[in-house]
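**Q** After the structure tokens below, expect a handful of questions from me.
The values are calculated or read from the model by the stated rules, or taken from the named source; none is laboratory data. Note that the structure is predicted; figures quoted are calculated from it, not measured. Glycine gets a Cβ as well: all are built from the backbone with ideal geometry, and neighbour counts include every protein chain shown.
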Amino acid sequence: MMSNFLQRILLVPFCLLVIFSGHIAINSLYAEDASKVAAKETSEAERRLLDDVKKLASDEWEGRGVGTEGLKKAAKFIAESFRDAGLDVSAAGGDPFQEFEIVDGAKLGSPNSLTLTGPDGKTISLEMGKNFEVCSFGGSGKIEGELVFAGYGIVATDLEYDEYDSIDVKDKIVIVMRRNPKQSDPHGPFAVGHGISRHAGLTTKLSRAFSNGAKGVIFVNDPYTVNSEKEQLEEQVEKAAAQVSKLEKENGDKSELETARTHLSQVKEILAKHVADKLMEFGYGGTRSGKSPATFHISQDVCNEILKPTLGKTLSEIEAQIDETGEPFSRPLEGWKVSGQAALKIIRVPVKNVIGVLEGQGPHSDETIVIGAHFDHLGRGGAGSLAANSTEIHNGADDNASGTAGLMEIARRLGERKDPLPRRVVFIAFNGEERGLLGANEYVDNPIFPLEKTVAMFNMDMIGRLDENKLTIFGTGTSKVWDAMLDKSTEGTGIELIKKTEGFGPSDHAAFYGKKIPVLHFFTGIHEDYHRPGDDWEKLNVPGMAKIIEILEKVVLETAEAEVRPDYISIPGTASLARSGSRPYFGSIPDFGENTEGYAISGVSPGSPADKGKLKGGDVIVELDGRKIGGLDDFDLALRDFRPGQQISVTVQRDSKKVELKVTLGTPKN
């Protein structure tokens, strides 16, 4: 793309020649020269973008994982790029780096133990990995004290439900069930449309126990989840077997019989692998910041050894009573004591954002525009990786070497301008995004320039897989100026915009929108390599990246030169890349670049139910077992009506035709 400066040089004489002289030959010559300059600039921009991505996403840089030398190299490389672009790299206390610490998980050490002592003095030493596990979101240390049962461990003042109201847990160890009461009732007090109740979160329950004085917490699986998942699978095996038997007796359509046999085989495999009362593996639930009591997870069998002789009820009976009465069931466990030790070390790692500044000039020079992209990724997998148990390097070429390269490129373009812009532009390469927008939150908590004078934030996260020239932009509803500005900026680029109004979403812009700053987030979509080792530079659409930078540059310039700063509009809701909560596993990957009726997918997870059901990228799901699907929300809600192991019909729009497929749903992944 030509810079604005070159456009002014070339196009003004061009217009004069057309109007006053009418010399078509000279007109054509100028047009040809302008085209050559534009092509040359575009070619050079693409080369720079590709070179930067190849470096950031090289194996040598270890997937830019937290704690790796590769992440440090990336920070240094970006800082040098900002300096070479003419940015001021001293604003963050004399250098380009805004330093902070993040929690990099926890390591399990030894010893880890849990011993119960009953009223008769008899001790039960539990075996780690068999009937107890240490929880990574708890604390480290020894616990010893009396046991108390606190039901689900929920405090919901809005529902007048408090399981700590009738018991004293100060300096005691609390046993709590997972999830919440009345799970089978879609209209119950804890029912929610998507995901689990906010009262049911593991760390929420841990916090409730801690704030009430407990010095240790022991989780146990709720009977409803354990029983229902197994019962559902067994029911599906029976149905599938009956269907096979029926078709064999009828000696009918061989294709239908083969489909039925395949379904029976799949659901049997799911049931065979299913562990009903599965203990949370160390690392599940993440790591909680701040002080936490030592936290464990015990099996239901162990828990019932305590409850039955003491309270006269098992977990299942207690759960049934709570569901029936709607009242908490919290009791001291007279005579029972516990002693144990959790040996885990919270790992804190120093990291840094990289910041460069172009100062403005004029009456609005104290106002700031932020352009950002995160440069961290997943290293060799682990938490966040969608490649199970993989230790391969996750290079993250698209996520988010692409956005980082774009950030450096637009810094070069704006840095080479001879005249300062009317407003300050701050370029930030964020760290810790994959751990929860940590770098962006660090900046808004400790801004270098006042947030009240920050007029807009533009974010690039995954801009490397432009497909069919469709670019998704989140935040278009956060200011009334964005729609017209974006439409104008895409003229002549061949780009089709998919506009999403929400300002909150799964990337760094959300931290700024939370501070009432208008935002735009540029994004080319989820794909089958997302958070997997296959996200390499060879798969990027580099010309597409250059087009996106061209669009963003225009938006930044117009925002910088506007007489009035963009207004802020509050948009309810949160844009998300995936859905969570209790529903069967399907395994589709959303395609946010499709603005069509139905739920468009860009691919399927390998080995998932969707994969086995022969869905593929480009399909648009329009019907789920007779339920009409208009979009992702419809799909997610409909999926909750089905059970693991159930075979459902899925109608997709594929290449202008409707195709009906059969999918055997898996058990939930969380």
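**Q** Can you work out which of the residues in region 100-130 that are modelled with pLDDT of 95 or more and buried (at least 18 other Cβ atoms within 10 Å of the Cβ) is farthest from LYS308 (Cα to Cα)?
**A** Ranking the qualifying residues of region 100-130, first place goes to ASN112.
**Q** Restricting to region 186-215, and then to whatever is aliphatic (A, V, I, L, M) and closer than 25 Å to GLY138 by Cα, can you tell me which residue is modelled with the lowest pLDDT?
**A** By that ranking, first place goes to ILE196.
**Q** Which one of PHE458, PHE449, PHE427 is assigned to a loop (DSSP other than H, G, I, E, B), in the same structural domain as ARG83 (by TED's automatic domain parsing) and closer than 23 Å to PHE97 by Cβ?
**A** PHE449
**Q** Let me ask something else. Let me spell it out: the conditions are (1) surrounded by fewer than 21 Cβ atoms within 10 Å (Cβ to Cβ); (2) assigned to a helix (DSSP H, G or I); (3) under 21 Å from the mean Cα position of the chain (by Cα), and ALA610 meets all of them except one. Which number is the exception?
**A** The single condition ALA610 does not satisfy is (1).
**Q** Quick one: count up the residues across region 253-275 that are acidic (Asp, Glu) and in contact with a helix residue (DSSP H, G or I) (Cβ under 8 Å, 6 or more places away or on another chain).
**A** 2
**Q** Among ALA429, ALA405, which is crowded, with 23+ Cβ neighbours inside 10 Å and in contact with a Phe, Trp or Tyr (Cβ under 6 Å, 6 or more places away or on another chain)?
**A** Of the residues listed, the single one that is crowded, with 23+ Cβ neighbours inside 10 Å and in contact with a Phe, Trp or Tyr (Cβ under 6 Å, 6 or more places away or on another chain) is ALA429.
**Q** Here are some conditions: (1) buried (at least 16 other Cβ atoms within 10 Å of the Cβ); (2) part of a loop (DSSP other than H, G, I, E, B). LEU264 meets all but one. Which one does it not meet?
**A** LEU264 satisfies every listed condition except (2).
**Q** Continuing with the same structure: Please go through region 287-330 and give me each residue that is more than 24 Å from ASP120 (Cα to Cα), surrounded by fewer than 21 Cβ atoms within 10 Å (Cβ to Cβ) and in contact with a Cys (Cβ under 9 Å, 6 or more places away or on another chain), ordered by number.
**A** none
**Q** Which residues, counting only those in region 649-666, are over 19 Å from ALA240 (Cα atoms) and part of a loop (DSSP other than H, G, I, E, B)?
**A** ASP655, SER656
**Q** Show me the strands (runs of 3 or more DSSP E) entirely contained within region 131-244 in which 1 or more residues are of a type outside the set (Gly, Ala, Ser), more than 26 Å from SER110 (Cα to Cα) and touching a Ser or Thr at 6+ places or on another chain (Cβ under 7 Å).
**A** Result: 141-149.
**Q** Looking at ASP535 and the list (1) of a type in the set (D, E, K, R); (2) farther than 21 Å from ILE589 by Cα; (3) buried (at least 24 other Cβ atoms within 10 Å of the Cβ), which single condition is not satisfied?
**A** Of (1) of a type in the set (D, E, K, R); (2) farther than 21 Å from ILE589 by Cα; (3) buried (at least 24 other Cβ atoms within 10 Å of the Cβ), only one is false for ASP535: (2).
**Q** Confirm whether GLU62 is assigned by TED's automatic domain parsing to the domain that holds MET460, modelled with pLDDT of 95 or more and more than 20 Å from GLU99 (Cα to Cα).
**A** Spelling it out, GLU62 is indeed assigned by TED's automatic domain parsing to the domain that holds MET460, modelled with pLDDT of 95 or more and more than 20 Å from GLU99 (Cα to Cα).
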